[in-house]
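Scroll down for the structure; my scribbles are underneath it.
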Amino acid sequence: MKKASTILLCAVLALGLSGCSSNLATQDTASEDAASQSAAAASSSAAASKSAEAKKKADEDAAKLADAKTTLTSKVQEAQALLDSSSNSVADPQTRVALTDAINAANDIDSDNPQSYTDALTPLQQKMDSVNASVEQKKQEDAVAAARQAEADAAAKRAEEQKASEDAAAAQNAQNQQQQSTYYANCAAVRAAGKAPIYRGEPGYSAKLDRDGDGIGCE
């Protein structure tokens, strides 16, 4: 009887240990599954975050590139307007040639690097400054030339007026001399010379030949 009891106890204990082992195995499997799912979720989250960061950076880079292109395009348009308006208006035509080259170089840029477009701004602005300076220089030179021409024209006019005055004085002097050298004693002498009637201002005219004082003698 004692031996049978012992066998039964051993059987119960063995069954209990088997059940515990089975429960522990089930718990370990569930724990492993949960850990695996957690790791997968973390990995997925990290990948999504990395993808979002990459997209954000790509958008920022695209915006920088677009801004750089827009800024350069605006500057090129400004430079082209200056080039068009400065035709025949610069002291040094070579400045316009250099500006043309800078505009062409800027238009030829084909890059995904925003800095390439930004770097083109400085030389373009420098060439524009040179053209503007040359325009101002020509304005000053034209003003000086205009002033000199005006002075030359005024001098020529003064010389012309002086010559006309001298010619008039010489003519008057010649007339006076002729009047002084011509003398008619009476109207008979005037008629004999074929000068009747004789008018005031003509050579030989005198008041004694013009008795009524109307400026006409020997009527």
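A few remarks follow.
- What the Cα convex hull of the stretch 152-219 gives, in volume per residue, is 92 Å³.
- Accessible carbon and sulfur surface of the stretch 127-219 relative to its total accessible area, %, 1.4 Å: 50 percent
- Positive end of the dipole of the stretch 73-196 (Cβ unit charges, origin at the Cα centre): among Val190, Ser130, Thr100, the Cα lying farthest that way belongs to Val190.
- Take Ser181: with every protein chain present and a 1.4 Å probe, its accessible area is about 90 Å².
- Of the listed residues Cys218, Cys187, the order by accessible area with a 1.4 Å probe, largest first, is Cys187, Cys218.
- Partners for Lys139 among aspartates and glutamates (Cα-Cα distance below 20 Å; same-chain residues under 8 apart left out): Asp84, Asp92, Asp129, Glu151
- Scanning residues 5 or more positions from Tyr199 or on other chains, those with amide H under 5 Å from its amide H are Gly217, with H placed 1.01 Å from N in the peptide plane.
- Set of lysines with alpha-carbon distance to Lys138 below 27 Å, sequence-local pairs under 8 removed: Lys75, Lys127
- The stretch 99-219 - Rg and Dmax from Cα coordinates, angstrom: 38.8, 115
- In Å², nearest 10: area of Tyr117 left accessible to a 1.4 Å probe: 20 Å²
- Placing pseudo-labels 7 Å out from each Cα toward the beta carbon at Glu141 and Ala40 gives an inter-label distance of 8.2 nm.
- Estimated at 0.36 nm per residue, the fully extended path between Lys64 and Ser111 surpasses their Cα-Cα distance by 15.7 nm.
- For Lys208, the lysines whose Cα comes closer than 27 Å to its Cα, not counting residues fewer than 8 places off in the same chain, are Lys195.
The values are calculated or read from the model by the stated rules, or taken from the named source; none is laboratory data. Just so it is clear, the model here is predicted, and its values are computed rather than measured. Quick reminder, even Gly has a Cβ in these numbers, built from the backbone with ideal geometry, and neighbours come from all protein chains shown. Calculation scope for accessible area: heavy atoms of the full protein, side chains included, ligands and nucleic acids excluded. Shrake-Rupley method; radii C 1.70, N 1.55, O 1.52, S 1.80 Å.
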